[in-house]
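To keep things clear, I will list the structure first and then write my remarks on it.
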Amino acid sequence: MHLSIYLLPLAGLVIGLLISLMGGGGGIFYVGMLTGLFAISMDQAVSVSLATIIPTTMAASISHYRAGNVKLKTGFLLVAGGIIGVVAGSYLITIIPVKVLKIIFGIFLLVMGIGMVISRMKKQVKEELTEPGQLEELIDNENKPMSKLFIVKGLVFGLLGGLMSGMLGVSGTPPILAGLYSMGLSSLEVVGTSVMVLFFIAIAGVVTHSAFGNLNWLLVILLASGTITGAILGPLFGKRINKKTLEKFYGPFFIVFIILMAISMFF
């Protein structure tokens, strides 16, 4: 039994809260929810998802920026790579079968998951050997010159996120989160910076995917009304969460999330 589309604002509120607290654009959640719970066709679900990501991530970005959780210099590195990836992905989907693309991304995501495990282990070692004040100085990439490796890493992870959006019609969340996490940002900074990056990728995604189906604006308005509300409220709740507790939960959560996403690509 499928749900009425007029329950979309409530479903959007839940997803908006998750996005603003955990990071990402929510494209995968939107498409799964729209097709599974509301019986909306895949082409409509993809176009509605991409359109809804824009106001949701914009609202979350503003809230997180005001809360001091957005690292602009790092974020715009990924934005640059992401826009290139969206354009390239939109072309590649015309010459490579979707099944093959999903397998390729499944392999990418598994590699990212392993990379996140390694990064987390290195970070824990640094935390054990470094004074708290010194550790903050070490990871403060916003106020020091970026190394070539740091720039390349940002562009590559942004490119992967854009390719995922361009080829699969989703927000490209997993590579963006994995990239920001591996670049040394704190949990709240990963969340805040990721929604800013995905806002720009979503805009590029809507433009490049506009030919894939007619956009149902009623569905966009219903869903976005809930997701925007959740995106605004999320950072306010985040301020009340203990940062140390969030750090302990956030890393393992996204390592598991990335690996599960990788497995889903194979099926």
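The values are calculated or read from the model by the stated rules, or taken from the named source; none is laboratory data. This one's a predicted model, so the numbers in the text were calculated from it and none came from an experiment. No Cβ is skipped: glycine too gets one built from the backbone with ideal geometry, and neighbour counts run over all protein chains shown.
Could you please let me know if residue 70 is of a type outside the set (Gly, Ala, Ser) and under 21 Å from residue 188 (Cα atoms)?
Yes, satisfied.
Based on this model, can you work out whether residue 155 counts as modelled with pLDDT of 80 or more, within 14 Å of the chain's Cα centre (by Cα) and under 22 Å from residue 90 (Cα atoms)?
no
Restricting attention to the stretch 208-224, report how many residues are at pLDDT 70 or above and within 20 Å of the chain's Cα centre (by Cα).
Result for the stretch 208-224: 4.
Just checking: which of the helices (runs of 4 or more DSSP H) contained wholly in the stretch 1-105 hold 3 or more residues that are modelled with pLDDT under 80?
Hits in the stretch 1-105: 8-22, 27-36, 42-66.
Restricting to the stretch 68-121, name every residue that is surrounded by 24 or more Cβ atoms within 10 Å (Cβ to Cβ) and without any contact (Cβ under 8 Å) to a residue 40 or more places away in the chain.
none
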